[in-house]
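Peer 1: Pasting a structure below so you can have a look.
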Amino acid sequence: MKAAQLRLLRLADSAFPAGGFAFSSGLEGAHADGLVTSEADLTAFVHEHVALRWHRQDRVLLRRAWPATRATDDVEVEAAWDAADRLAEATTGLARLREASRRAGRALLGTFAALGCAPAERLQARVTSGLLHGHLPVAQAVCLRASGVERADAEMLTAWQAASAIVSAGLRLGLVGHVGAQRVLTALECPVADILATIPPAEPGGFSAFAEIASCRSHTTPRLFAS
């Protein structure tokens, strides 16, 4: 049990290259437009992302890909990967968000493949060959299950990574300082726990109009983030 808990701490550490460092999930655009300017704004923005995007989209896709990692037949496993990945591609409406999910998923696969994770190497090979896109929730399901993480813990981990990645983006944008970022994350603990306690939809359909419009806005200043 101690080893499993330590593994979760290692995977949840912000120093672990989980693939999300280059993405703000629309926060950069919202901040540039003057719509997210305070700790309270950032807290609301992250909560909306976890509730409407992660819970209704990525969590559903992670669950779709998760049973495949329990199977023993390679054909069955890879068919489930294919189905989940294609569903991710079909249900992510905005091109910028699709590309962000692909890039983050491929980065995560690269990390786990470099660490010797055989399922990650197999999925990475299918992505490299062009058979799959490598969307993030599919990569998360495969890599975390192969690492011995239980699905409930994987959902808790990925929900918190989604939240903390946006808060980290807020820190790099100068929206909050280090202490302010911790106040935001503290405020999010109970709301994220409530989301985790809620059964997700049967089909993926995440949508956050505010964040998605913000992620596509064009600005004259150079962008720091890919989304």
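Readers should treat all values here as calculations from the given coordinates under stated rules, not as data from a laboratory. Note that the coordinates shown come from a computational prediction; the quantities given were computed from them, not determined experimentally. Using ideal geometry, Cβ is built from the backbone for each residue, glycine included, and neighbour counts are taken over all protein chains shown.
Peer 1: Work out how much length residue 74 to residue 40 would gain on full extension: take 0.36 nm times their residue separation and subtract the Cα-Cα distance, in nm to one decimal.
Peer 2: Extra length available between residue 74 and residue 40 comes to 7.5 nm.
Peer 1: Could you size up the charge dipole of the stretch 23-216 around its Cα centre, putting +1 on the beta carbon of Lys and Arg and -1 on that of Asp and Glu, and report it in debye to the nearest 20?
Peer 2: In debye, rounded to 20, the stretch 23-216 gives about 260.
Peer 1: Which part of the stretch 22-54 falls in the paramagnetic zone of residue 179, meaning amide N under 19 Å from the point 7 Å along Cα-to-beta-carbon?
Peer 2: The answer is 38-43.
Peer 1: Go ahead and estimate [θ] at 222 nm for the chain from helices alone: -39,500 (n - 2.57) per DSSP H run with n ≥ 4, summed, over the residue count, rounded to 500.
Peer 2: My calculation for the chain gives -20000 deg cm²/dmol from helical runs alone.
Peer 1: With a 10 Å radius around each residue's Cβ, average the other Cβ atoms per peptide and rank 36-49, 2-15, highest first.
Peer 2: 36-49, 2-15
Peer 1: Along the charge dipole of the chain, pointing to its positive end and built from +1/-1 on Cβ of Lys, Arg, Asp and Glu, which listed residue (207, 129, 181) has its Cα farthest out?
Peer 2: With unit charges placed on the Cβ atoms, the residue in question is 129.
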